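Student: Below is one structure. I have some questions about it.
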Amino acid sequence: MLAKFRPLMATAPKTKAAVAFSTAAERDGYAQYNHTDACQHLRWTARESYDYMYARPWSRVVDFYATLVRTGAGTAGLAELFGKDEKDHACATNREETLTSSEKQMPVKSSKGRGGRWERANFKIVLSYHGGSFDGWQKQPGLNTVQGLVEKHLGQFVDERKAKQLQDRSLPVEGCATVAGRTDKGVTALQQVCSFYTWRKDVQPSDIKDTINEAAPDKINSLVVSEVSREFHPNFSAKWRRYMYIFPLDEDAKSISGNEQSSIIPENPEYNIAPRSFDVAKVDKILRQLEGKVLSYKMFARDTQASRSAGPATECFMFHSRAAVTKLYSADENCEEGMTVMCVELVANRFLRKMVRVLVATTIREAAAGADEDALLNLMEATCRRATAPPAPAEGLCLVDVGYEEFNEQRCFIVD
């Protein structure tokens, strides 16, 4: 058994901020994994990592995301953080501008003569929603979810035959929305993509857009709705997904993982203390090791079925993984009052459940401990998920967009 309890050690001063525990496992604590690779400082335990993550001023990040959704700034608002041209990242509102080259090559009525389900009208819907206002994407009984709200308002566009079938089964008349990727409670999306089909011929994209926008003003926006080929699938047609994680930093905290430090574990007991901060440059170096590789991220997934914990189902290709420091501003703040944050940008062909949040938390832990740049690659070979840190708070995570064309790194926010 590789997991064992960690011996007592000196720890960083406890924060006075209240910490909310979301699960019984997090409340009761974990047995610490026995790491064998070298680092300059003791790694945080699961409890220490959890406390450090949740003690950040997340309300500022939540408000920032809420503003992006409410104003419709979306990805253009994120581009402003990095001094990028907002026009290059704004979501197009014209139908022709929103269709990728592959979608344009698929005529909307490409299924002529095939009949059946191929006669349905298929609509691509680009959504922006505030994660703090919903209990995640997936529809669940008694919860306020994005899917539940969207499908409820799409019910008015359902054809008569399906509506009668639902009524005969005493079910509500709702549409069916297929999504590119589900998001957890608290996770914001700026350009989420879903699709909806109907046999009705009188439904116009503008009708769907207006209906969704009236569902929950300032909390969810339908940015673009376009009719696409029946062959389009928001999940299976996607070639990449991009996430951004915004992490508030301690501006007064001294960095403890500089380049001058040795990678050998020092024997002097004074070094065997828990770190209080981390170097963003070290986080960036660790993350860059993932780029351009097909790797199994099973150690970085959570709440997945056993059948999906091995093999190709856990493999992802990381196109882009970077970290950088920037300033987060509110509408009523001047330049000097902005909050310093670390932004982590990840682009991959697919992501496992909670994979981004675990990657961020684990990378911060490894950077704080002064681990080598290949720390994440070494953890890929672990046999227990306790080797990685508990997921970082959902409030910092944002699904930026979903791509249906080949990945272009110049579209990223954090580039050399």
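The values are calculated or read from the model by the stated rules, or taken from the named source; none is laboratory data. Keep in mind that what you see is a predicted model, and the values were worked out from it rather than measured. Here Cβ is always computed from backbone atoms with ideal geometry, including for glycine, and neighbour counts include all displayed protein chains. Ligands, DNA and RNA are excluded from the accessible area calculation, which covers all protein heavy atoms including side chains. Shrake-Rupley method; radii C 1.70, N 1.55, O 1.52, S 1.80 Å.
Student: Rank LEU377, LEU397 by accessible area, highest first, at a 1.4 Å probe radius?
Tutor: Details: LEU377 50, LEU397 10 Å².
Largest accessible area first, the residues go LEU377, LEU397.
Student: Evaluate the distance, in nm, between pseudo-label points positioned 7 Å from the Cα of GLU214 and of ARG288 along their respective Cα→Cβ axes.
Tutor: 5.2 nm
Student: Could I have the simple spin-label model distance between GLN167 and CYS384, label points 7 Å from Cα toward Cβ, reported in nm to one decimal?
Tutor: Placing both labels 7 Å beyond Cα along the Cβ direction yields 5.9 nm.
Student: If contacts are Cα pairs under 8 angstrom and at least 6 residues apart, what is the relative contact order of the stretch 176-221 in percent?
Tutor: Numbers: 20 pairs, mean separation 14.3, N = 46.
Taking the mean separation of contacting Cα pairs over the length of the stretch 176-221, I get 31 percent.
Student: Right, here's the next one. Along Cα→Cβ, 7 Å out, is where each label goes; now give me the distance between the ones at ASN235 and ASP202 in nm to one decimal.
Tutor: 3.3 nm
Student: Provide the solvent-accessible area of MET53, counting protein heavy atoms only and rolling a 1.4 Å probe, rounded to the nearest 10 Å².
Tutor: Solvent-accessible area, nearest 10 Å²: 0 Å².
Student: Shifting gears a bit: Mind counting lysine pairs for me in the stretch 167-244? Cα separation below 26 Å, and the two need to be 8 or more apart along the chain or on different chains. Working shown, then result.
Tutor: On the way: LYS185/LYS209; LYS185/LYS219; LYS185/LYS239; LYS201/LYS209; LYS209/LYS219; LYS209/LYS239.
So the count works out to 6.
Student: Right, here's the next one. So what is log10(I(q)/I(0)) for the stretch 127-228 at q = 0.13, 0.19, 0.21 1/Å, when the Debye sum runs over its Cα atoms only?
Tutor: -0.45, -0.94, -1.12
Student: Further question: May I ask you to give the percent of accessible area on the stretch 113-184 that is carbon plus sulfur, with a probe radius of 1.4 Å?
Tutor: 45 percent
Student: Going from most exposed to least, what order do ASP284, ASP207 have by accessible area with a 1.4 Å probe? Working shown, then result.
Tutor: Values: ASP284 20, ASP207 60 Å².
Heavy-atom accessible area, descending, gives ASP207, ASP284.
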